[in-house]
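Have a look at the structure below before the remarks.
The values are calculated or read from the model by the stated rules, or taken from the named source; none is laboratory data. The shown structure was predicted, so the numbers you read here are calculated from the model rather than taken from an experiment. Backbone-built Cβ (ideal geometry, glycine too); neighbour counts: all protein chains shown. Just so you know, the surface numbers come from the protein's heavy atoms only, side chains and all, with ligands and any DNA or RNA stripped out. Shrake-Rupley method; radii C 1.70, N 1.55, O 1.52, S 1.80 Å.
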Amino acid sequence: QPKHLGVTPPIAVTYPTPREIEVTDLLVQELTAQGTFESEEESKRREVVLGKLDKLVKEFVYNISREKKNLPEADAREAGGKIFTFGSYRLGVHGAGTDIDTLCVVPRHVTREDFFTDMHKSLSNLAEVNELTCVTDAYVPVIKLKFQDIPIDLIFARLELPKVPDELELRENSLLKNLEETCIRSLNGSRVTDEILRLVPSIPAFRTSLRCIKLWAKRRAIYSNVMGFFGGVAWAMLVARICQLYPNAIAGAIVSRFFRIMHQWKWPQPVLLKPIEDGPLQVRVWNPKIYHGDRFHLMPIITPAYPSMCATHNVTQSTKKIIEREFGRAAEIADHVMIGTGKWADLFEKHDFFIRYRYYLQIIASSDSSERQLKWSGMVESRIRHLVSKLESVENLALAHPFVKGFDKIYHCTSDQMATDVMHGIFDSTSTSDKNSSELSQNGTETATVRDIYTTTFYVGLDINPRDPGTKSPRQLNISWPTQEFIKLVKFWDKYDEKSMGIHIKHVKSSELPPEVFEDGQKKQDFSSKKRKRTGLTEKDPNAKKLKTSGQKGVSNDRTSNISSNICC
């Protein structure tokens with residue numbers, strides 16, 4: 001018997017039953033119908049693009065070696081350079097139109113500055129490349145581009161080696177010695193992905209199972225690391241762990257057992273693919289016995305490559321409850337599929353976020369340019385989990401449910417007042433989000449756009465505890481402290497500009513949600529007949545009169561602050 005994979009022996013080593021083979025075939029059929037596989041033509045195009053990109057990296061390293069470092073011709077040719085892939089493409093679970101995560105590895109005499117100048121210039125000179133952008137201030141700096149219409153994220157790592165040959169592998173921990181922290185982070189994605197593939201007993205079963213889990217998580221709106229759910233790496237590690245526990249199982253059985261085991265998992269017991277190892281660096285490795293902060297991770301899933309880290313440190317009490325609820329729903333569906341009373345399509349039913357709650361928070365980030373809005377809205381998005389954590393302390397609030405993405409709009413404003421209103425979340429018929437740069441006034445003449453305002457609106461659903469039986473007095477949901485603290489937090493950003501950026505929070509009823517948030521076939525939820533809840537501002541709200549006359553909850557003279565703080569329920 002070969003040595004088992006994982007930190008515990010397998011639960012079962014039995015081979016597939018006829019029924020498991022049947023449900024696996026049905027699963028592959030459903031995944032195909034759902035469009036999760038790319039065409040053979042697109043797959044070949046990706047291979048060609050990666051080949052061209054690898055050649056471009058070698059030319060880039062050669063040019064730097066000759067022109068800036070004055071290396072001899074032979075040494076410059078041997079300096080090498082190599083492209084590695086990671087993420088969904090490397091795992092073999094990418095779909096049509098998805099991006100390729102790529103890593104450019106170079107020898108020690110090539111600098112990060114060279115990469116973001118010379119490599120960027122080489123890419124910009126190619127007719128096959130468009131939408132080229134450098135993001136140098138990201139946690140992992142990246143060049144984003146489309147190469148023959150294939151989206152690519154290209155990151156950089158410099159090794160302490162005189163040359164980078166084609167046969168180089170990144171598995172050895174010694175390669176991390178004497179590297180700057182940014183390079184270690186860049187290498188981590190590729191090292192983790194490769195280690196996951198080494199730790200699963202059957203790669204085909206793993207890939208089909210992971211395709212299923214990724215599609216389910218996206219449809220159920222729980223696929224987002226930044227919002228406090230699980231990201232792609234975390235989902236991959238969970239699936240890999242179930243594969244280890246059932247090494248001879250095929251995808252249908254793995255998916256069924258995945259949901260049942262994850263629904264019953266005793267968090268915060270960590271999910272590990274192998275024992276945590278020490279290494280040559282003076283860096284922090286996940287260890288709740290040593291590091292106080294690691295003890296607060298609610299659903300720890302630990303990366304298998306050194307230095308091991310928690311991939312799910314963003315999970316909050318609310319998102320934990322939501323994930324566990326979805327595990328329970330999926331486990332029931334999978335059980336029905338296995339016994340023949342259900343179908344896989346039920347698993348992929350779209351989320352009900354915008355018809356689930358009666359009250360929502362709108363977080364509106366706005367600015368006056370598309371480039372500025374991309375950075376500003378990204379920063380606001382990365383902080384929403386902090387708002388969720390603070391909302392969890394509000395009395396009578398069961399959980400705060402963040403939606404996994406924001407909604408972008410452009411408003412073509414014909415006056416400064418209109419622009420100010422948009423930044424306050426006042427959207428009326430005079431501000432338009434279509435592509436026209438002008439509009440008609442009441443007398444039929446064309447009015448030129450004064451300025452464009454770019455907005456991204458994020459949503460948090462508020463699940464309020466039921467009122468105690470026999471209680472008739474109204475209750476207040478006071479959200480002033482969480483919202484004010486959140487606004488302080490985002491405005492503390494060193495690139496925040498009060499003249500060109502806005503942040504505004506207001507609460508809305510489900511009936512007030514805009515039409516663009518609803519999926520096909522979904523309708524606004526009508527809570528008007530339910531007597532247990534009423535919404536609106538209380539007389540104690542100092543802005544009640546102003547808000548009633550304006551018709552908007554949360555409007556104030558300061559466009560970057562939140563005023564509406566009480567919900568009567």
Debye equation applied to the C-alpha atoms of the stretch 1-57, log10 I(q)/I(0) at 0.12, 0.19, 0.25, 0.28 Å⁻¹: -0.67, -0.82, -0.96, -1.08
Projected-area average for the chain over all orientations - Cα convex hull basis, square nanometres: 31.8 nm²
The stretch 1-68 - percent of accessible surface contributed by carbon and sulfur, probe 1.4 Å: 56 percent
Rg and Dmax of the stretch 49-198, Cα atoms only, in Å: 14.7, 44
Cα-based convex hull, the stretch 116-263, per residue volume (Å³, whole number): 167 Å³
Of all accessible heavy-atom area on the stretch 138-202, the percent that carbon and sulfur account for (1.4 Å): 45 percent
Area projected by the alpha carbon convex hull of the stretch 131-179, averaged over all directions, nm²: 5.0 nm²
Peptide ranges 469-477, 198-206, 304-312 listed from the most packed, as the mean C-beta count within 10 angstrom indicates: 304-312, 198-206, 469-477
Surface per residue (accessible, 1.4 Å probe) for the chain, Å²: 47 Å²
Accessible-area value, His4, 1.4 Å probe, nucleic acids and ligands omitted, Å²: 70 Å²
Euclidean distance of C-alpha centroids, the stretch 242-277 and the stretch 327-348, integer Å: 18 Å
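Hand me the chymotrypsin sites (Phe, Trp or Tyr not before Pro) from the stretch 74-172 located in a DSSP loop with no more than 16 other Cβ atoms within 10 Å, in residue order please.
Details: sites: Phe84, Phe86, Tyr89, Phe115, Phe116, Tyr139, Phe147, Phe156; in loops: Tyr139.
Qualifying residues, ordered by number: Tyr139.
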Trypsin sites (Lys or Arg not before Pro) restricted to DSSP loop in the stretch 1-93 with at most 13 other C-beta within 10 Å: Lys3
Relative contact order computed over the chain (Cα-Cα under 8 Å; 6+ residues apart), in percent: 12 percent
Expected 222 nm ellipticity per residue - DSSP helices of 4 or more, -39500 (n - 2.57), all of the chain, to 500: -11000 deg cm²/dmol
Share of carbon and sulfur in the accessible heavy-atom surface of the stretch 343-422 [1.4 Å probe, %]: 44 percent
Value of D in µm² per second that Stokes-Einstein yields for the stretch 309-428, Kirkwood Rh from Cα pairs, at 20 °C (1.002 mPa s): 121 µm²/s
Highest-first arrangement of 257-269, 99-111, where packing means the average Cβ count within 10 Å: 99-111, 257-269
